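Heads up, the thing below is written out as structure tokens.
The values are calculated or read from the model by the stated rules, or taken from the named source; none is laboratory data. All values derive from a computational prediction rather than experimental measurement. All Cβ positions, glycine included, derive from the backbone under ideal geometry; neighbour counts span all protein chains shown. Accessible surface areas use protein heavy atoms only, side chains included; no ligands, DNA or RNA. Shrake-Rupley method; radii C 1.70, N 1.55, O 1.52, S 1.80 Å.
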Amino acid sequence: MKLKYSSILLISVVSLWMLVSCSFFPKKGGVSTFPHEISGVRFDKDHFSFGEMIFGEEKTDTLILYNPTTKTMEPEFRFSEDWIRVIQTKRYIEPGDTVKVYVRLVSGNCEKYGSCVQRMVFIPDRARGECQQPFLITAEIMEDFTRMTPEEKSMAPKISWDMTEFDFGDVQQEQKAVHFFKLKNRGKRDLIIRRVETTCGCTAVMPESRVVRAGDSTRLKVVFHTAGREGKQLKTIRVTSNDFSQPNTILKIRANVVCKQ
């Protein structure tokens, strides 16, 4: 009787293990392992998020391609920016096989601070020549302030704004709303405006002076385009500078777009 119960218990444990294995450990080439697919080639990810990177830093991520077809594939990657490097461990992917691809971001070649976004062209098989842009590469490039001495910090530039938020109130549709944000360098060294980024529907022109001397001021022109919009609106502008204490400033503009009667 004990042997019978032991056998039943063993069978139950094995069945439970098989159920868990099937649920949590996907088979090679399964949709859960390679959820993305283009022209027969499957892959495990379509977004390479490198996060925050100090300018000059390099990071590498890994992509795995899988060929579930019966034909040999010769994949190829193309990109327009020289801050991206791609290395394939194998030129061809045989049927049922995988290939590991290393995607490396060289932030020192990005030539700009703030958000770096790039689409990477993918050709599943060079013989067919079909190309798409399924891969998104993103990174946040920051200036390295970690090596600044106390003396350098005391002499550093310091950005100061007259305001960081402006409300246009009611604005007629199709009308362009314009506002100037004023900034001043309250530090002791030159303030450099590295970059200005805006959200959709908003245009910000680089300040009248990109390099602001100690004690000087300048203006940042912001134009809000109301065409095709209605109701309450919120847009943001991000300004990146060499102020170590506040390298990124988020400016906001609000408006209530009223339709023409």
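Some points to look at:
- The chain - percent of accessible surface contributed by carbon and sulfur, probe 1.4 Å: 52
- Residue-count net charge about Val205 - beta-carbon cut-off 12 Å; Lys, Arg +1, Asp, Glu -1: +2
- Estimated distance in nm for a label pair at Val121 and Asp97, the labels positioned 7 Å out from Cα along Cα-to-Cβ: 2.6
- Local electrostatic count, Met53, Cβ distance below 9 Å [Lys/Arg +1, Asp/Glu -1]: -3
- Solvent-accessible area per residue, Å², over the chain with all protein chains present [probe radius 1.4 Å]: 59
- Using the Karplus relation 6.51 cos²θ - 1.76 cosθ + 1.60 with θ = phi - 60°, the per-residue 3J(HN,Hα) values for the range 186-200 come to 9, x, 10, 10, 4, 8, 10, 7, 6, 6, 10, 10, 10, 8, 4 Hz, with x marking Gly and Pro.
- Computed extension length for Lys112-Thr33: 24.9 nm, one decimal, from 0.36 nm per residue of separation with the Cα-Cα distance subtracted.
- Per-residue surface analysis assigns Thr203 an accessible area of about 60 Å², computed on protein heavy atoms at 1.4 Å probe radius.
- Computed on the range 64-143, with alpha-carbon pairs under 8 angstrom and 6+ residues apart, the relative contact order is 31 percent.
- Backbone HN-Hα couplings from phi across the range 148-165 [Karplus 6.51/-1.76/1.60, Hz, Gly and Pro as x]: 5, 7, x, 5, 5, 5, 5, 9, 6, x, 9, 7, 9, 10, 5, 6, 10, 8
- Based on Cα contacts under 8 Å between residues 6+ apart, the range 92-205 shows a relative contact order of 21 percent.
- Distant-in-sequence amide contacts of Met148, defined by a placed amide H-H separation under 5 Å and a gap of 5 or more residues or a different chain, comprise nothing.
- Ranking Ile123, Ile87 from most to least accessible surface, computed with a 1.4 Å probe over the protein chains only, gives Ile87, Ile123.
- Alpha-carbon centroid distance for the pair the range 137-211 / the range 30-64, whole angstrom: 32
- Residues with amide H under 5 Å from that of Arg229, placed H, sequence gap 5 or more: Glu174
- With the whole protein complex present, Phe181 retains an accessible surface near 0 Å², based on a 1.4 Å probe.
- C-alpha long axis of helix 2-24 to longest principal axis of the chain, angle in °: 40
- With contributions of -39500 (n - 2.57) from each DSSP H run of at least four residues, the per-residue ellipticity at 222 nm computed over the chain stands at -3500 deg cm²/dmol.
- Among the lysines of the range 99-219, pairs at least eight places apart or on separate chains and with Cα atoms under 27 Å apart come to 12.
- Here the contact order of the range 179-221, divided by its residue count and restricted to Cα pairs under 8 Å and six or more residues apart, works out to 54 percent.
- Net charge of Cβ neighbours under 14 Å - reference Val101; Lys, Arg +1; Asp, Glu -1: +2
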